[in-house]
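Reading through the structure tokens given below for one structure.
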Amino acid sequence: MPYNPTLVAPMREEMTRMGARQLTTVSEVDAALGDQKGSMLVFVNSVCGCAAGNARPAMRLALQHGVQPQQIVTVFAGQDLDAVSRARQYFSDYQPSSPSIALLRDGEVVHFVHRHQIEGQSPQAIAADLTAAFDRHFAATV
Amino acid sequence: MAGHVFHPGHQELHGITVVLETRGPRTYVGRFDSQDERGVHMHDVGVYDDAAAGASKDEFLRRCDKFGIRPEHRDLLVPAADVSSIHRLVDVLR
């Protein structure tokens, strides 16, 4: 059963304030991820305080970096169930976890941050991993 | 907590992905929930079995790190008597 929308609203807003586009339906996911070109970050948001509480601040830090993905989208696990399920089909080599972060380039996953790589890490450490991946995979596409 | 936690402090692992070594051939990787007199409660648990042919445990753990954990159990209770050690996955991989 999805979480109470009132509960998750601030967590959604935290992402949209960073410039992330919310994908809440299967058709929105397909429009964004189907035949995807260029660089994209997909943030699978979560209410989990153990990990998402650091993941969102990490995203905010990472998105201040000089090299960034051209598109930033987000789906909300435990809330937009169909949209999340469809998004995960686009990175199906990777087991589902939330929060998690997928970096795609021309439809291919080039870097994936699992929940277990977020848990217990500081926002700065998570952001450092992300920005290193931005530099490695996206520098030429910005 | 009094009287219910075999290893005080492990509750701080709640929500953390851990590697639980048993006294037998099995190693479990999954999200730690809690520990009580019955054992360790975990979620979304992958299993490595020393007795089964295939990848080494190290390879199994590194695959978990790269591709995530393929859960064989949504919820699992590992009996207290079977638990040998519990460590964070990220620490094991260091």
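The values are calculated or read from the model by the stated rules, or taken from the named source; none is laboratory data. The structure displayed is predicted, hence computed values, not measured ones. Virtual Cβ from ideal backbone geometry, glycine too; neighbours counted across all protein chains shown.
Would you say residue B:9 is closer than 27 Å to residue A:122 by Cβ, over 14 Å from the mean Cα position of the chain (by Cα) and modelled with pLDDT under 95?
On the way: closer than 27 Å to residue A:122 by Cβ: yes; over 14 Å from the mean Cα position of the chain (by Cα): yes; modelled with pLDDT under 95: yes.
Yes, satisfied.
Have a look at A:109, A:73, A:67 and point out the one that is without any contact (Cβ under 8 Å) to a residue 60 or more places away in the chain and more than 14 Å from chain B (Cβ to nearest Cβ). If you could, list the steps in order and put the result at the bottom.
On the way: A:109 fails: more than 14 Å from chain B (Cβ to nearest Cβ); A:67 fails: without any contact (Cβ under 8 Å) to a residue 60 or more places away in the chain.
None of the others qualify; the one that does is A:73.
I'm trying to understand the selection: among the residues of the range A:96-125, which are assigned to a strand (DSSP E or B) and surrounded by fewer than 18 Cβ atoms within 10 Å (Cβ to Cβ)?
Taking the range A:96-125 first, the residues assigned to a strand (DSSP E or B) are A:100-105, A:108-113.
Of everything in the range A:96-125, those that are assigned to a strand (DSSP E or B) and surrounded by fewer than 18 Cβ atoms within 10 Å (Cβ to Cβ) turn out to be A:108, A:109, A:110.
Check A:135, A:82, A:129, A:93 and return the single one that is farther than 23 Å from residue B:71 by Cα and loosely packed, with under 15 Cβ neighbours inside 10 Å.
Working: A:82 fails: farther than 23 Å from residue B:71 by Cα; A:129 fails: loosely packed, with under 15 Cβ neighbours inside 10 Å; A:93 fails: farther than 23 Å from residue B:71 by Cα.
Selected residue: A:135, the only one of A:135, A:82, A:129, A:93 that is farther than 23 Å from residue B:71 by Cα and loosely packed, with under 15 Cβ neighbours inside 10 Å.
Is it true that residue A:27 is within 14 Å of another protein chain (Cβ to nearest Cβ) and surrounded by fewer than 16 Cβ atoms within 10 Å (Cβ to Cβ)?
Values: within 14 Å of another protein chain (Cβ to nearest Cβ): no; surrounded by fewer than 16 Cβ atoms within 10 Å (Cβ to Cβ): yes.
No, not satisfied.
Condition first: loosely packed, with under 12 Cβ neighbours inside 10 Å and closer than 27 Å to residue A:98 by Cβ. Now tell me which residues in the range B:44-65 satisfy that.
Scanning the range B:44-65 gives B:58, B:59.
For residue A:41, state whether it is more than 14 Å from every other protein chain (Cβ to nearest Cβ), crowded, with 18+ Cβ neighbours inside 10 Å and touching a Pro at 6+ places or on another chain (Cβ under 6 Å).
Details: more than 14 Å from every other protein chain (Cβ to nearest Cβ): yes; crowded, with 18+ Cβ neighbours inside 10 Å: yes; touching a Pro at 6+ places or on another chain (Cβ under 6 Å): yes.
When the stated conditions are applied, residue A:41 passes them.
Within the range B:75-82, is there a residue that is surrounded by fewer than 16 Cβ atoms within 10 Å (Cβ to Cβ), at pLDDT 95 or above and over 13 Å from residue B:22 (Cβ atoms)?
Yes, the range B:75-82 has at least one match.
Looking at (1) buried (at least 16 other Cβ atoms within 10 Å of the Cβ); (2) without any contact (Cβ under 8 Å) to a residue 60 or more places away in the chain; (3) at the interface with chain A (Cβ under 10 Å from one of its Cβ atoms), which is the only condition residue B:41 fails?
The number of the failed condition is (3).
Filter the range A:121-142 down to the residues that are in contact with a strand residue (DSSP E or B) (Cβ under 7 Å, 6 or more places away or on another chain) and either of a type in the set (Ser, Thr, Tyr) or on the phi > 0 side of the Ramachandran plot (or both) and list them by number.
A:141
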